[in-house]
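Structure, as C-alpha cells:
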Amino acid sequence: MNEFPDFMKRPANKIATSSQAADGYRVIYSLAELDSDFQDSGVIVADKMDGKPLDDKAGPLRLVAPHDKRPARWIRMLQTIKVVSVPPS
C-alpha cells in the first residue's frame, strides 16, 4: 500500500469544523478544506447580503461556501461553529 505524502499527514487533516443552525441542520468541513494550501475555496460567515442585514429566515448569521457547486453545506441561522478532532480510523 502506498504511503501518503508528508503534507497529507499534517495535523490539519485530523481536525474538522462542525457548524450547526438553529433548526439543528449541521455540516462538517475538514480543516484542510478551509486551508489555502490545499485549495482556493473558503467559507464565509455573513451577517449581511447586498449591504443589508440578513432577515430572520436567513440570519442573523449565515455560513456560505461560494465555491461549492451546490449550496448543500450552506447554513442559515448559524448558531455554533466548533473545532473538533477526528479520531483515527
Got a number for residues in the range 31-72 being in contact with a strand residue (DSSP E or B) (Cβ under 7 Å, 6 or more places away or on another chain), at pLDDT 85 or above and not in a loop (DSSP other than H, G, I, E, B)?
-> 6
Working carefully through the options Ala16, Ala46, Ala65, find the one that is within 13 Å of the chain's Cα centre (by Cα) and touching a residue at least 60 places away in the same chain (Cβ under 8 Å).
-> Ala16
Which of the residues belonging to the range 1-30 are part of a loop (DSSP other than H, G, I, E, B), hydrophobic (A, V, I, L, M, F, W, C) and modelled with pLDDT under 90?
-> Met1, Phe4
Among residues of the range 77-89 being part of a loop (DSSP other than H, G, I, E, B) and modelled with pLDDT under 95, the residue surrounded by the most Cβ atoms within 10 Å (Cβ to Cβ) is Val86
Which ones in the range 25-47 are β-branched (Val, Ile, Thr) and surrounded by 15 or more Cβ atoms within 10 Å (Cβ to Cβ)?
-> Val27, Val43
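The values are calculated or read from the model by the stated rules, or taken from the named source; none is laboratory data. The structure displayed is predicted, hence computed values, not measured ones. All Cβ positions, even for glycine, are placed from backbone atoms using ideal geometry, and neighbour counts span all protein chains on display.
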